[in-house]
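Please treat every number below as a calculation from the coordinates, not as lab data. Treat the numbers as computed from the prediction; the structure is a model and nothing was measured. Glycine also receives a Cβ, built like all others from the backbone with ideal geometry; neighbour counts cover every protein chain displayed.
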Amino acid sequence: MFEIEIDRMFSAAHQLKGYDGDCRNLHGHNYEVTVTVQADSLNEVGIALDFKKLKAALDEVIAPYDHHNLSELPDFKDINPTSEVLARTIYRKMSELLNDGNVKVARVRIGESASSRLTYSE
């Protein structure tokens, strides 16, 4: 089993409706996203999944979020855009783009600060 991992960053604002604390107010984060993909085998040139393909997929998924208010986007219309929800959303979108007979998204990690991170997997 091979694991391929990439990191990307994006900046976005959000607010948490119904939250009893400062995060109910509009605020922002410089999110760090780590996507880990597993592959069972290598292709004919010895690559499990081309980093370029993985980077392009993640860039496509996070582009609508970068420098936007997540709370106003359709993906989060009916739910607070917490880091947990964001990780799950990115995981599922990445899975739609990449999962095949050999490759599977294993996990997505979201960091909203240098000391606060979480990981989502299915």
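Summary value for the chain: 31 percent relative contact order, contacts being C-alpha pairs under 8 angstrom separated by 6+ residues. Over the C-alpha trace of the chain, radius of gyration and Dmax come out as 15.4, 54 angstrom. Would you mind checking the stretch 11-38 for residues with the amide N under 18 Å from a putative spin-label position 7 Å along Cα→C-beta of ALA56? The answer is 37. Annotation: amide H-H contacts under 5 Å for ALA48 (H modelled 1.01 Å from N, sequence separation of 5 or more, or interchain): ASN43. So which aspartates and glutamates pass the test for LYS55, namely a Cα distance under 14 Å, with those fewer than 8 places away in the same chain ruled out? Cα-Cα hits under 14 Å: GLU5, ASP7, GLU32. With both residues required to sit in the stretch 2-120, DSSP beta bridges show an antiparallel share near 95%. For ALA13 and ALA63, the FRET efficiency from 1/(1 + (r/R0)^6), where r spans their Cβ atoms and R0 equals 22 Å, is about 0.85.
Phi angles across the stretch 109-122 convert, under the Karplus curve 6.51 cos²θ - 1.76 cosθ + 1.60 with θ = phi - 60°, into 3J(HN,Hα) values of 10, 10, x, 9, 7, 5, 10, 10, 9, 8, 10, 10, 8, 10 Hz, Gly and Pro given as x.
Across the stretch 32-48, coupling constants 3J(HN,Hα) worked out from phi with the 6.51/-1.76/1.60 Karplus curve, θ = phi - 60°, read 10, 10, 10, 10, 10, 10, 10, 9, 7, 9, 9, 7, 5, 9, x, 10, 6 Hz, and Gly and Pro carry x.
Mean residue ellipticity, 222 nm, helices only, the chain: the sum of -39500 (n - 2.57) across DSSP H runs of n ≥ 4, divided by residue count and rounded to 500, is -7500 deg cm²/dmol.
Taking amide H as placed 1.01 Å from N in the peptide plane, ALA12 has its amide H under 5 Å from the amide H of HIS29, TYR31, HIS67, each at least 5 places away in sequence or on another chain. Between the stretch 1-75 and the stretch 105-122, the C-alpha centres lie 9 angstrom from each other. Distance between the modelled labels on SER95 and ILE79, one decimal in nanometres: 1.2 nm (7 Å Cα→Cβ projection).
Taking ASP50, ASP59, ASP20 in turn, the Gaussian network model of the chain (Cα-Cα springs below 10 Å) assigns the largest fluctuation to ASP20.
Annotation note: trypsin sites (Lys or Arg not before Pro) in the stretch 74-104 located in DSSP loop regions with a Cβ neighbour count of at most 11 within 10 Å are LYS77. Note on the chain: GNM, Cα springs under 10 Å; of GLU32, GLU44, GLU60, the largest mean-square fluctuation is that of GLU44.
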